[in-house]
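The values are calculated or read from the model by the stated rules, or taken from the named source; none is laboratory data. Quick caveat: nothing in here was measured; it's all calculated off a predicted structure. With ideal geometry, Cβ positions are generated from the backbone for all residues, glycine too; neighbour counts draw on all protein chains shown.
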Amino acid sequence: MSDSVMDASSQLRFVRARVGLSQREVARRAGTSSATLSRYESGALVPNLGTFNRIVEACLPAGRRWPSLTALAPVVAEARRRQGSTAAWRLVGEVLDDEAGGSPADTAMVVADGPALIGDSATDALVAALAEYLTLQRGLSAPGWSQDPDRVARPWWFVADVAAWIPTSLRESPRSFAKRGIFVTAAGLERR
């Protein structure tokens, strides 16, 4: 067997186990049979890229715009660079909205794998802050990757981008954000 076959089968097993779904449930969601999924997971059959992606997507929390913080990070960095804080924070709002309808298992899946440092310190800090904040809200342990001391915004990021809001942001920012140099008002985290 080639390494790519082992990688695909291992990845499929890992993703399914991570979310705690049975082969039968994943197969149902992905529109395939349990027997075929079993063959993919054992490496006896190699899925094409479209099938592989369909099976992985079947494991993701339903109805989420952002399946993981790893997917979110580069988009936030680009939004900050091109459009500023407001556009970037709008994406964070989407994650918070997704959380409102999710479960602790969904949250665990969204924060499980930490994105690599992308070089924008504010974004690198943001995903760590979000991971910690979301898991604390669910009573879960923060993932180890989120405690990386390199995930600090330099210079500090005041999300409101308005000098008059700095004192309020300093006072109201949750610890998960403040300790990483990200300051947001309580209203910035409220979802309606």
- Hey, Ile182 of a type in the set (A, V, I, L, M, F, W, C) and buried (at least 16 other Cβ atoms within 10 Å of the Cβ) or not: yes
- Task: Kindly establish whether Ala17 is aliphatic (A, V, I, L, M), more than 21 Å from Phe158 (Cβ to Cβ) and surrounded by fewer than 17 Cβ atoms within 10 Å (Cβ to Cβ).
- Result: yes
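Provide a single number: the residues in the range 121-137 that are modelled with pLDDT of 95 or more and either aromatic (Phe, Trp, Tyr) or surrounded by fewer than 19 Cβ atoms within 10 Å (Cβ to Cβ) (or both).
So the first thing to find is which residues in the range 121-137 are modelled with pLDDT of 95 or more, and the list is 121-136.
This time we only want the ones that are either aromatic (Phe, Trp, Tyr) or surrounded by fewer than 19 Cβ atoms within 10 Å (Cβ to Cβ) (or both), so: 133, 136.
Here the count works out to 2.
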- Item | Qualifying positions in the range 46-89 - at pLDDT 90 or above, surrounded by fewer than 19 Cβ atoms within 10 Å (Cβ to Cβ) and within 15 Å of the chain's Cα centre (by Cα) | Pro74, Val75
- What are the residues in the range 11-24 that are touching a helix residue (DSSP H, G or I) at 6+ places or on another chain (Cβ under 7 Å), in a helix (DSSP H, G or I) and in contact (Cβ under 8 Å) with a residue 24 or more places away in the chain, if any? Leu12, Arg13, Val15, Arg16, Arg18, Val19
- Item | Out of Ala8, Ala27, sole residue that is in contact with a Ser or Thr (Cβ under 8 Å, 6 or more places away or on another chain), in a helix (DSSP H, G or I) and buried (at least 18 other Cβ atoms within 10 Å of the Cβ) | Ala27
